[in-house]
1. Give the residue, chosen from ALA369, ALA336, that is assigned to a helix (DSSP H, G or I), among the hydrophobic types (A, V, I, L, M, F, W, C) and under 21 Å from the mean Cα position of the chain (by Cα).
2. Are any residues in segment 294-305 more than 18 Å from the chain's Cα centre (by Cα) and part of a loop (DSSP other than H, G, I, E, B), and if so, which ones?
3. Restricting attention to segment 138-169, which residues are surrounded by 21 or more Cβ atoms within 10 Å (Cβ to Cβ) and in contact with a Gly (Cβ under 7 Å, 6 or more places away or on another chain)?
4. Can you find a residue that is without any contact (Cβ under 8 Å) to a residue 60 or more places away in the chain, out of contact with any Leu (no Cβ under 8 Å at 6 or more places or on another chain), over 30 Å from VAL156 (Cβ atoms) and open to solvent by less than 40 Å² (accessible area, probe 1.4 Å) anywhere in segment 274-285?
5. How about segment 73-94: which of its residues are under 27 Å from GLU57 (Cα atoms), more than 10 Å from the ligand (Cβ to nearest atom) and either part of a strand (DSSP E or B) or open to solvent by less than 10 Å² (accessible area, probe 1.4 Å) (or both)?
6. Quick one: which of SER144, SER125 is outside the structural domain of ARG351 (by TED's automatic domain parsing) and closer than 12 Å to ALA94 by Cα?
Amino acid sequence: MQTETIAIHAGNLTRSVTGDVTQPISLSTTFFRDENGGYPGGHMYSRVSNPNRSALEKVLTALDKGADACAFSSGNTAGMAVFQALLPGSHIIAPDDMYWGFKKQLLSIFKGTLEIDFVDLTDVSNIAAYIRENTVMIWIETPSNPLLKVTDIAAVAAITKQHGLTLACDSTFASPCFQHPIEYGADLVMHSSTKYIGGHSDVLGGVLITAAHTELWEKIRNIQQIGGAVPSPFDCFLLLRSIKTLPYRMKGHHENGMALALYLENHPEIEAVYYPGLPSHPQYEIAKKQMTGFSGMLSVLVKGDGARAKKVVNTVKLFAQATSLGAVESLIEHRASVEGPDTKTPQNLIRISVGLEHIDDLIQDFEQALRV
Ligand SMILES: *Cc1c(COP(=O)(O)O)cnc(C)c1O
């Protein structure tokens, strides 16, 4: 089945007695046992599993071509479950442009537990020199937040396979529609479903998808079920509802993202545009190879300093000045001021999440903001 069909049908698990065409929300926290102590409905207690979460995990498994999925209450808890599943003293290689929240986790919560090297993974020849005896995992993020760096998944997978390491890929910016890291050799895929998967800025969530039922995956499933950082049935319902339109939303995000990137690239007030769909992007060829669309995420360097960038952010009208991304409404953010004083993100960088408004209105809005 094709992506559009999977998105609509793979997440409907039940044929309910009342004949609902879409799956109802199961709020029950506990489920009947039969006379032999079994669970005829397939569920025991809703932290362990429930019908809405199982449906969500099923459709996410299918979309990302994996063997199984675990849904979490946020992207951060999904990623943290992977780090928690590693033995203390393990070494991991992570991208220098890693999502800020994960970098913070590794440097604070896992300080003293895990050893980490933050490496520029766009140059794969960099990696081998960082592999140690206790290295267990390479974590990649492609495209990356906020610099839109692209990592060659297949090339990194060749290294992880050679050294017996796990390859995990934060694929949030690509969504499960435009990139299937498992097909390029990744062992684990991670998404913040708060972003494109949810797509409406109204539900927090995260997901991990595994390529195979490994020992590591068993530990991750345990952390989900016993740790309990699970999404509520209503969260799962919202995500399932969103996924049905995900492929079409992604087509719109791609179209608008491409058009705005081209417009800004030719604007005299813009110093640089980071968008993997532009031929000027340093990893354009890799992006073209492993992605089937480039989404609506881009960052730009405004000519001038941080104050100038903040001025632009404050002058646009249609783009909501707010953090997060991947929603139907366009969002804009001066990233360095969100990340705080020790950030390496350039002060004149603006991160843009292009929504699904009409592109002419979005371009016109930038036109007036860059004139000020
Ligand atoms: C937002 C984001 C996360 C974290 O997800 P939350 O749902 O906010 O916890 C992880 N990785 C990337 C690339 C993100 O954009």
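The values are calculated or read from the model by the stated rules, or taken from the named source; none is laboratory data. What you see is a predicted model; the values in this text were computed from it and never measured. Here the Cβ positions follow ideal geometry from the backbone for every residue, glycine too, while neighbour counts run over all protein chains shown. Each accessible area value is taken on the protein alone, full model and side chains, heavy atoms only, with ligands, DNA and RNA left out. Shrake-Rupley method; radii C 1.70, N 1.55, O 1.52, S 1.80 Å.
1. Answer to the selection: ALA336.
2. Taking segment 294-305 first, the residues more than 18 Å from the chain's Cα centre (by Cα) are 300-305.
Within segment 294-305, LYS303, GLY304, ASP305 qualify.
3. If the condition is that a residue be surrounded by 21 or more Cβ atoms within 10 Å (Cβ to Cβ) and in contact with a Gly (Cβ under 7 Å, 6 or more places away or on another chain), then ILE153, ALA157, LEU167 are the ones that fit.
4. no
5. Of everything in segment 73-94, those that are under 27 Å from GLU57 (Cα atoms), more than 10 Å from the ligand (Cβ to nearest atom) and either part of a strand (DSSP E or B) or open to solvent by less than 10 Å² (accessible area, probe 1.4 Å) (or both) turn out to be ALA81, VAL82, PHE83, ALA85, ILE92, ALA94.
6. Working: SER125 fails: closer than 12 Å to ALA94 by Cα.
Result: SER144 is the single residue among SER144, SER125 that is outside the structural domain of ARG351 (by TED's automatic domain parsing) and closer than 12 Å to ALA94 by Cα.
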